[in-house]
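The values are calculated or read from the model by the stated rules, or taken from the named source; none is laboratory data. Just so it is clear, the structure is predicted and the values come from calculations on it, not from any experiment. Every residue, glycine as well, gets a Cβ built from its backbone with ideal geometry; the counts of neighbours run over all protein chains shown. Side chains are part of the model used for accessible areas, which takes the heavy atoms of the whole protein and leaves out ligands, DNA and RNA. Shrake-Rupley method; radii C 1.70, N 1.55, O 1.52, S 1.80 Å.
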Amino acid sequence: MTLSQAPERTSVWLNLLRSPSLRLIGKRLLMAIPIVLGVSILTFLVLSLIPGNAAQLLLGPEATPDQIAALNHQMGMDQPAVVRYLNWLGGAIHGDLGKSLVSQQPVADDLSSRLGVSGELVGLAFVLSLGAAIPVALLAARRPNRWVDRVSMVISISGLSVANYVFALLLILVFAVEVSVFPAMGFVPMSQDVGENLHSLFLPGVAMAFPLFCLYTRFLRGDLVDQLQSEDYITTARAKGIGPWQVLLRHAFRNSSFGLLTLVGLNLGTLIGGTVIIEQIFALPGVGQLLLQAINTRDYIVVQDCVVVFAIVAVLANLLTDLLYAVLDPRIRYGNG
């Protein structure tokens, strides 16, 4: 590198550091540190209040107090709560998530193999919910109170009134037991067969996506109708002779997408948390199933790690939502945010 190139390189780096998007990412990541730390402390406190312990469950009801105390000492569970938390935190900062109290295997290895399953499930549910909600809401808002709007309203209200685990059991009954189109449980890795992978994830994906589809459809339809009937810029667009579908897509939907994006960002945490029940119902080897099993066996280390992973994913999802605002509307700047 010549001397003349050095100032140019420095100028490029300074421009990157002054970028509003990079400043936003930096601020959000700094804010994420106390959030994740607070989640880990709260989780540890709640776990400390749960009666029973892993040693007692592992040894069984016939174990003597001396045997339970010896196993607790071996696992380090007889140490003060503050010491146990600080030991976990110190290891987590250095990338060591500890070992499972039950299996004595590194938690990081188990999480790495299960994150892909949960990620696929959440991604599929996200695509199904938004992919179905947007066209249905557009059709309903195009002609309010017509048959498409009424049918979508009945389906949405019905879907919001039924818990996702109940809907999951209905899907299994109809499409796995009566019709036998999809498997009731099990998982096929994508590396083994892409088609079979989607086939095994379709029912759990629909079970997670349907409540969100109902919520997104009602919200987007209502916002679109409100804009089409009351906003001045819609009246101006119609006066210019712009067609109804162009008015709906280019003007109303563009502005409604901000509200939808906010709703999606707020519900990503719910979507991630929904994996705990859905993975258990469909026997999917994901993080949600691991978390539920760890709670049942009082495996505090695994529970702590799973909850922290969920918190990190939720924080990153909200950061992505903030960045998408600027992508949808270049007028938005975060220089002062």
Check: Give or take rounding to whole Å, what are the principal axis extents of the alpha carbon atoms in region 36-179, in descending order?
Finding: 71, 37, 28
Note to self: Restricting the calculation to Cα positions, tell me the Rg (one decimal) and the Dmax (whole number) of region 241-288 in Å.
What the structure shows: 18.0, 55
Margin query: Using only the alpha-carbon atoms, how far is helix 81-93 inclined from the longest principal axis of the chain? Give it as 0 to 90 degrees, nearest 10.
Written below: 60
Next item on the list: Calculate the dipole size of the chain relative to its Cα centre from +1 charges on Lys and Arg beta carbons and -1 charges on Asp and Glu beta carbons; express the result in debye to the nearest 20.
Entry: 1660
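Rounded to the nearest 0.05, what FRET efficiency do L86 and D109 have when you use their Cβ-Cβ distance and R0 = 30 Å?
Working: r = 23 Å, r/R0 = 0.78.
Once rounded, the FRET efficiency stands at 0.80.
Using a 1.4 Å probe on the protein heavy atoms, what percent of the accessible area of region 64-144 belongs to carbon and sulfur? Please report the intermediate quantities before stating the final value.
Values: 2790 of 4410 Å².
Solvent-exposed carbon and sulfur of region 64-144 make up 63 percent of the total.
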Margin query: I need the P(r) histogram for the chain: all alpha carbon pairs, bin width 10 Å from 0 out to the longest distance, whole percents.
Written below: 5, 19, 23, 23, 17, 9, 3, 1, 0
Check: What residues from region 193-227 fall in the zone where the backbone N is under 14 Å from a label point 7 Å along the Cα-to-C-beta line of R238?
Finding: 225-227
Check: When the Debye formula is applied to the Cα atoms of region 196-267, each taken as the same point scatterer, what base-10 log of I(q)/I(0) results at q = 0.20, 0.26 Å⁻¹?
Finding: -0.83, -1.09
Check: Using +1 on the beta carbon of Lys and Arg, -1 on that of Asp and Glu, and nothing else charged, what's the dipole of region 68-131 about the Cα centre, debye to 20?
Finding: 100
Check: For region 78-125, what are the per-bin percents of Cα-Cα distances with bins 10 Å wide, up to the bin holding the maximum?
Finding: 23, 38, 27, 11, 1
Note to self: What percentages make up the Cα-Cα pair-distance distribution of region 159-282 when the bins are 5 Å wide from 0?
What the structure shows: 2, 10, 15, 15, 13, 11, 10, 9, 7, 5, 2, 0
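Is it possible to state the helix-based mean residue ellipticity at 222 nm for the chain, with each DSSP H run of 4+ residues giving -39500 (n - 2.57), the sum divided by total residues, to the nearest 500 deg cm²/dmol? What is it?
On the way: 14 runs with 244 residues, N = 337.
Counting only the DSSP helices, I get -24500 deg cm²/dmol.
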Next item on the list: Tell me which residues come under 5 Å, amide H to amide H, from K99 once H is placed; ignore anything under 5 positions away on its chain.
Entry: V107
Item checked: Simple spin-label estimate for A163 and L266 in nanometres, 7 Å along Cα-Cβ -> 2.3
Notebook entry, point to check: Roughly how many percent of the accessible protein surface of region 210-283 is carbon and sulfur, given a 1.4 Å probe and a whole-percent answer?
Noted result: 58
Check: Under a point spin-label approximation (7 Å from Cα along Cα-to-Cβ), what is the R254-L30 distance to one decimal in nm?
Finding: 3.5
Notebook entry, point to check: Among L57, G205, V117, whose Cα sits farthest toward the positive end of the charge dipole of the chain (+1 at Cβ of Lys/Arg, -1 at Cβ of Asp/Glu, about the Cα centre)?
Noted result: G205
Next item on the list: Go through region 196-207 residue by residue and turn each phi into a ³J(HN,Hα) via Karplus (6.51, -1.76, 1.60, θ = phi - 60°); whole Hz please, and just put x for glycine and proline.
Entry: 5, 4, 5, 5, 6, 9, 5, 4, x, x, 5, 4
